[in-house]
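For reference, the structure is listed below as structure tokens.
The values are calculated or read from the model by the stated rules, or taken from the named source; none is laboratory data. All values derive from a computational prediction rather than experimental measurement. Using ideal geometry, Cβ is built from the backbone for each residue, glycine included, and neighbour counts are taken over all protein chains shown. The area values use the complete protein model at the heavy-atom level, side chains included, leaving out ligands, DNA and RNA. Shrake-Rupley method; radii C 1.70, N 1.55, O 1.52, S 1.80 Å.
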Amino acid sequence: MPKRVLQGVVVSDKGEKTIVVKVERRFTHPVMKKTVRRSKNYHAHDEANVAKVGQTVSIEECRPFSKTKTWKLVEGASAPEAVAAEA
């Protein structure tokens, strides 16, 4: 079975080898027919501590690293938008 890959924004990199990624999904409400945004935070394993707050990253489902970490960072994190805007 293929592993799920999600894309989101890093909201915290305070933990050692851990990042928190906010993943947003959009769907149409079944009754109101409006687009609804829902977000969820995922703890992901970042072995090299390369991801920084504000970066858009991809995370992949993997074996449990801890009680809350069952995702890992996929290589190819993009540059932070906040730093790019200032430069």
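Of all residues in the stretch 1-41, those that are over 19 Å from GLY54 (Cβ atoms) and either in contact (Cβ under 8 Å) with a residue 40 or more places away in the chain or hydrophobic (A, V, I, L, M, F, W, C) (or both) total 8.
Applying the criterion of being assigned to a loop (DSSP other than H, G, I, E, B) and touching a Lys or Arg at 6+ places or on another chain (Cβ under 9 Å) to the residues of the stretch 37-52, the residue that is surrounded by the most Cβ atoms within 10 Å (Cβ to Cβ) is ASP46.
Out of the residues in the stretch 18-36 that are open to solvent by less than 70 Å² (accessible area, probe 1.4 Å) and not polar (S, T, N, Q), state the one that is nearest to the chain's Cα centre (by Cα). Spell out how you get there, then give the answer.
Kept after step one, since they are open to solvent by less than 70 Å² (accessible area, probe 1.4 Å), are these residues of the stretch 18-36: 18-21, 23, 27, 29, 36.
Next, from what is left, pick out any that are not polar (S, T, N, Q): 19-21, 23, 27, 29, 36.
Working: ILE19: 8, VAL20: 7, VAL21: 3, VAL23: 5, PHE27: 19, HIS29: 24, VAL36: 19 Å.
The selected residue is VAL21.
Taking SER58 as the residue in question, decide whether it is over 13 Å from LYS22 (Cβ atoms) and at pLDDT 95 or above. Yes; evaluated as a whole, the condition is true for this residue.
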